[in-house]
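The values are calculated or read from the model by the stated rules, or taken from the named source; none is laboratory data. Owing to the predicted nature of the structure, the values given are computational and were not obtained by experimental measurement. Counting neighbours? That spans all protein chains shown, and the Cβs are built from the backbone with ideal geometry, glycine included. The area values use the complete protein model at the heavy-atom level, side chains included, leaving out ligands, DNA and RNA. Shrake-Rupley method; radii C 1.70, N 1.55, O 1.52, S 1.80 Å.
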Amino acid sequence: MNLWYTENHSPNVRFSLEVEEHIYTGKSDFQKIDILQTLEFGRILTLDGLVMCTEKDEFIYHEMITHVALATNPAIKKVLVIGAGDGGTIRELTAYPTIEQIDMVEIDKMVVDVCREFLPQTASKLDDPRVNLYFEDGLKFVRRIENDYDLIIVDSTDPFGPGEGLFTKEFYGNCYKALKEDGILVNQHESPFYAEDALGMRKAHQKIVGFFPVCKVYQFHMPTYPSGHWLFGFASKKFDPILDLDATAWNDLDLKTRYYNTDIHVGSFALPNYVKEQLKDVE
Amino acid sequence: MTNFLQQKVPIMEALNQYKSMRVVPFDVPGHKRGRGNPELAAFLGEQCLSMDVNSMKPLDNLCHPVSVIKEAEELAAQAFNAKHAFFMVNGTTSAVQAMIMTACKAGDKIIMPRNVHRSAINALILSGAVPVYVNPGVHSELGIALGMALKDVKEAILEHKDAKAILINNPTYYGICSDLQALTDLAHQHDMLVLVDEAHGTHFYFGDNLPASAMSVGADMASVSMHKSGGSLTQSSFLLINNDVSEGYTRQIINLTQTTSGSYLLLSSLDISRRNLALNGKEIFQKVAEMAYYTRTEINKIGGYYAYSKELINGDTIFDFDVTKLSVDTRDIGLAGIEVYDILRDEYDIQIEFGDIGNILAYISVGDRHLDLERLVAALAEIKRRYSQDKNSVFIHEYIRPQVALTPQEAFYAPKQKLPISESAGYISSEFVMCYPPGIPILAPGERITEEILDFIQYSKDKGCFLTGTEDSDIANINVLKEFVE
């Protein structure tokens, strides 16, 4: 038996994982959902045949999408998370006793159901009493909100398929409106490396810069994502992620993390020249 | 039984059969199934080019159908409850022109609302028929032209008993319908033919709870844009005839201007789309109406926009409303429809059907996805947040009643002179001026130019409307009649 899962990382590059067992397959109204047991990366979740999350490297993504904003503004109390069906982002947020409310808006309930059943590693905190789950279109949800959240995290899939609306100017503009006057927006910002991902990155950046006075991009190392080099966007109405970082305060919280630390926090905003140039081109 | 027959797609079946025979082509088109033009074949797809073939015995001939096209036309006629359906490959424009030219000879009168599409007035230039315009009703708040009032049509008919036909929009671009049954009965009492421009009404034949279709009320001819709500390729259309209209004579009229090389891409798209509508149309348009309803409700929740619907119905000039249309009045956010139209495209990558001074129209179809509707609503909310201004900044022009001095044909061919448009007030125009879309003339040949019209043209230009119609492509000059007509 020689079973391999293969994903195209570019039209000319493939990435393969040896599979022990195909645990689950299903089709929701929005996408195809699969859970595979792999030898190297443990359980993995794929949507429409693309890796979203693996047991072995999800900590990198989920720590970096949450802690950077919370270390910049420890007073964050009300958070909106859009997407994030696997629950990993929620798990990280619930570690902060200071957060009072987490609203999670995921368009596809089936992803959450499947992750609750097969990926308890990430879905474990979805039942935290501070968490409210909404199964609807993120763009629709945020459209009705004004001046309400301290932090919005856009933990989306790629800019095609069901996540398409979360890479649009109307979405970022509505997020701006939904944030309080010192609000922060962190978004999945694609990758600078392969052409198709880089186009997504540039377009996302171009659409966000128009709205927020502070608009930065930070990087992290994600082994199962195309090229391994991935980005998040940090946009804010007031806080600068480096100038306003209170490293002592965050370290005093004594949270256990495996990737994030306050040195990485600062360092992740240092970008390679080819990335800087691409971002500058669209500013 | 009907459904069983409607399963057939004679043109598509004949094309598939022909392809499977691997016939060696020593006929046109010269690209020879795409082999002679690899770049085009790569761009459009090999299957597409292999279906781009010439008329021949097994595939019939559009100018004189005797086999598969004839059969396909009969199936279309059955699907639309018409006596006969003609496959049209030069747009609904050609269908509208064929209707008018079938009904009227030079000098014959035809009663029509002034807010017709340019294709109808073009037909008057070609045929020499004489228009008797009925001013459409105008909505006092929205400022849009409506349907024709029954009373106005009655007056026109009594004043012009020699008119040969009446032309009716069903619906208008905005989705507004006149009382088609009453107008048809009235015209028939006076022995006039009823011609219906259903460029925006294909779905009336298939959906539930939609306005009446031309054939259902016994109208004589109808032009149906299958390529709009019907799903066929751009430029393909049906001309339907009913009652005593002669199939042979109508075909002769069509053949006056129609290509002798009818495209099988267009013809097969009509055939396939007709089958789809006949079998699935009810569900399709139910879904479209639901999507339009949802989007309309959400847009109205934003505030400042008015997405209108059946509440406008007044029993006469708005006898019915097409709920699949998403027309939105934008003036309360202080932006002209055309400005919202431009911002949607330039800032949000959303292309809608058209924007005029007071309104936008987003075309909803079975091809839409829910997430795209959300994008449209969210973008409109953002446009309001970011761009709205004093609502008095949009100046609504009332419908301008045209002063008709000459027939369109007389004016178009009369000796003329070129004037700067700003100095043309008082003269008779020899040509059209219109915003496109929607393609409804602000000024048609034979109409007197007034200061009011010039103001409206300038205002439309300033707001960003795309003006067309004059010989001068910049619309800086206009051709007017040399002779001054009182």
inquiry  = With the cut-off at 1.5 for a/c, could you classify segment A:79-205 from its C-alpha gyration tensor as rounded, prolate or oblate?
reply    = oblate
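Is chain A rounded, prolate or oblate when judged by the Cα gyration tensor, a ≥ b ≥ c being the square roots of its eigenvalues, rounded requiring a/c under 1.5 and prolate requiring a/b larger than b/c?
Working: a/c = 1.43, a/b = 1.27, b/c = 1.12.
The shape class here is rounded.
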note = Under 5 Å from the placed amide H of residue B:320, counting only residues 5+ away or on other chains, we find B:177
query = Can you run phi through the Karplus equation (6.51, -1.76, 1.60; θ = phi - 60°) for segment A:94-101 and list ³J(HN,Hα) in whole Hz, with x for Gly and Pro?
reply = 5, 5, 8, x, 6, 6, 9, 8
task = Return the FRET efficiency for the residue pair residue A:22, residue B:66: r is the Cβ-Cβ distance, R0 is 56 Å, and the value is rounded to the nearest 0.05.
result = 0.45
ask   = Cα gyration tensor of segment B:280-411, axes a ≥ b ≥ c as square roots of the eigenvalues: rounded (a/c below 1.5), prolate (a/b > b/c) or oblate?
value = oblate
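Take every Cα-Cα pair in segment B:408-481 and report what % of them are more than 14 Å apart.
Of the Cα pairs, 54 percent sit more than 14 Å apart.
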note = A correct Karplus calculation of ³J(HN,Hα) over segment B:46-52, with 6.51 cos²θ - 1.76 cosθ + 1.60, θ = phi - 60°, whole Hz and x for Gly and Pro, returns 5, 4, 4, 5, 5, 8, 8
request  = Could you tell me the distance between the Cα centroids of segment A:95-156 and segment B:311-339, to the nearest Å?
outcome  = 38 Å
query = If you count the DSSP beta bridges with both ends in the protein assembly as shown, what percent of them are antiparallel, to the nearest 5?
reply = 65 percent
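At a Förster distance of 45 Å, what's the computed FRET efficiency of residue A:32 paired with residue A:181, Cβ-Cβ distance as r, to 0.05?
According to the calculation, E is roughly 0.60.
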task = Name the residues of segment B:372-419, by number, that are at least 50 Å² less accessible with every protein chain in place than in the isolated chain; the surface is that of heavy atoms, probe 1.4 Å, without ligands or nucleic acids.
result = B:374, B:375, B:378, B:382, B:385
request  = Please go through the residue pairs B:83/B:105; B:391/B:461; B:70/B:161; A:207/A:238 and name each one whose alpha carbons sit more than 28 Å apart in this structure.
outcome  = B:70/B:161
query = What is the dipole size for the protein assembly as shown, taken about its Cα centre, with +1 at each Lys and Arg Cβ and -1 at each Asp and Glu Cβ, in debye to the nearest 20?
reply = 1320 debye
inquiry  = Using a 7 Å offset from the Cα along the Cα-to-Cβ direction at both residue B:23 and residue A:253, what is the distance between the two label points in nm, to one decimal?
reply    = 7.5 nm
remark   = Heavy-atom accessible area with a 1.4 angstrom probe orders A:63, B:423, most exposed first, as B:423, A:63
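If I require 18 Å or longer along the helix axis, counting alpha carbons, and a Kyte-Doolittle average no lower than -1.0, what helices from chain A are left? Use full DSSP H segments.
What comes out of the filter, once short or polar helices are dropped, is A:58-72, A:195-209.
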message = Can you give me the long-range amide H partners of residue A:10? Hydrogens built in the peptide plane at 1.01 Å from N, cutoff under 5 Å, separation of 5 or more residues or another chain.
response = none
Residue pairs, from the table A:77/A:180; A:140/A:169; A:140/B:228; B:282/B:325, whose Cα atoms sit over 21 Å apart = A:140/B:228
ask   = Using protein heavy atoms only (no ligands, DNA or RNA), what is the total accessible area buried between A and B, 1.4 Å probe, nearest 100 Å²?
value = 1400 Å²
query = From the phi of every residue in segment A:215-227, what ³J(HN,Hα) in whole Hz does the Karplus formula 6.51 cos²θ - 1.76 cosθ + 1.60 yield, where θ is phi - 60° and glycine or proline is x?
reply = 9, 10, 10, 10, 10, 8, 10, 10, x, 8, 8, x, 6
Other protein chain Cβ atoms within 10 Å, averaged over every residue that makes up A:162-174 = 5
note = Between residue A:137 and residues 5 or more places away or on another chain, the pairs with built amide H atoms under 5 Å apart involve none
query = Taking each residue of A:136-143 in turn, how many C-beta atoms of other protein chains fall within 10 Å of its C-beta, and what is the average?
reply = 5
ask   = Label-point separation (nm) for residue A:246 and residue B:188, each offset 7 Å from Cα along Cα-to-Cβ?
value = 8.2 nm
remark   = Taking chain B and a Cβ-Cβ threshold of 4.7 Å, the cysteines left without a partner are B:48, B:63, B:104, B:177
ask   = How far apart, in nm, are two points set 7 Å out from the Cα along the Cα-to-Cβ line at residue B:311 and at residue B:369?
value = 3.3 nm
